[in-house]
Amino acid sequence: MKFRTRIAAVLGVLALLPVGSVPANEPYDLASFYWISDGPKNAVAPQLAAAAGQPSCGEQCNSGCGGQCDSGSPARRRAPRWTAQADLMYMQRCGAPDVTLISLVGPPPTQELTNAKDFNLGWHGGPRLSLSTYGDRGNDLEVVYFSIDGWWDSQAQNVPTGVQFTAPDFQALAFGASGMKFDWTSKLYNAEVNLWVPQTDRLRVMAGFRWIETRESLIGTFVSPGGVTPFWSTKTDNHLYGFQIGADTRLLDRGGPFYVTTAIKAGIYRNYTQQVGSAVGTVLEAEETRTAFESDVTLAGVYEVSRCLSVRLGYQFMWLDGVAVAPSQIHVTNVSTRVASVDTDGAVFYHGAVAGLELKF
């Protein structure tokens, strides 16, 4: 928790660094992505405005988010420099290896009762926060943070003839009234700093740095009338650091308060992985560094309630490849020889809804 707090604090400081000053004669067009001149459309000389009965500079500027006029430019409104988003993500974690966890006691071939693929980690929510500041020529510096740490599922088996768990040179057995249970938890954390550069009035491209972390645990226990006794546990951490590129565009914008956007990101990362395996008091640790990949797609509808406030509703897909997942570490953990390694051939897929508010100030 302390590590995540430090990361968020560093990114917050970066977000406050100025990207550039507001162009003196370039108001921001809320229907596009960058600063453009509205002189031909909106600039009206004070004497003409008075003759035509139109509001003067001071009257016009009070209706905007900032309520400010650029010096010497009557009828021009200085646009917001910042955009903050606060969203709730509600996503499902998918992707499990084919690993037998519980089977019937008996000679080979044994009958499988529980496989890692039987787990359903379900849907869980978490916050997504972002802050952007606009610079000269429409370049935007953005920081993003989100996390979901509630994925969990449990699978249990109780067969009078006996159930067993098997790992390299290790076996656990439960007979009679005793059974076996496995609990699998998973967490996801993300932080990124991106620079967006406009290409057209509806298309931006992006390059940035991203940190992604996943934490998982798989704990096996004996379950009996006398209580619960652990016999196996595996914990994995993936720390991904790397660079990403991307783009976003407006798919639907008819000039009204509602529009649809989509964003695509992809990156290559250095993944520092760790796994800790434990069996009846014996603890083994291993670590490995490898290359991992990530990509995500977000489709969102935005409704502008006012110049400053918008409501957002969308759907996000996120894919990780080259990561360690907890059940895959069983076959690379040998308790008798006290040797362990890390299986980093896992792939995880996340998808779900994103909803929240956007504020310009």
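Each value in this text was obtained by applying a stated rule to the coordinates, not by laboratory testing. Bear in mind that the values here come from a model prediction, so they are computed numbers and not experimental data. We place every Cβ from the backbone using ideal geometry, glycine too, and count neighbours over all the protein chains shown.
Counting only Cα, what are the radius of gyration and maximum Cα-Cα distance Dmax of the stretch 218-280, in Å?
Over the stretch 218-280's Cα set, Rg and Dmax evaluate to 23.4, 68 Å.
Efficiency by 1/(1 + (r/R0)^6): what FRET value for A86 and T289, r their Cβ-Cβ distance, R0 = 56 Å, to the nearest 0.05?
Details: r = 35 Å, r/R0 = 0.62.
The formula returns an efficiency of 0.95 here.
Please compute the modelled spin-label separation between L195 and L173, points set 7 Å along Cα→Cβ, answer in nm with one decimal.
So the label points at L173 and L195 sit 6.5 nm apart.
Using the number of other C-beta atoms within 10 angstrom as an exposure proxy, rank V260, V163, V276 with the fewest first.
Listed from fewest to most nearby Cβ atoms, that is V260, V276, V163.
Please give me, ordered by residue number, the trypsin sites (Lys or Arg not before Pro) of the stretch 253-335 that lie in loop per DSSP and have at most 10 other Cβ atoms within 10 Å.
Here the trypsin sites (Lys or Arg not before Pro) that fit, given the DSSP loop and packing criteria, are R254.
With a point put 7 Å past each Cα toward its Cβ, work out how far F349 is from T262 in nm, to one decimal.
1.7 nm
Rank the residues I245, I330 as a footprinting-exposure proxy: fewest other Cβ atoms within 10 Å of their Cβ go first. All intermediate terms of the calculation are to be shown ahead of the outcome.
On the way: I245 14, I330 23.
Going from least to most buried by this count: I245, I330.
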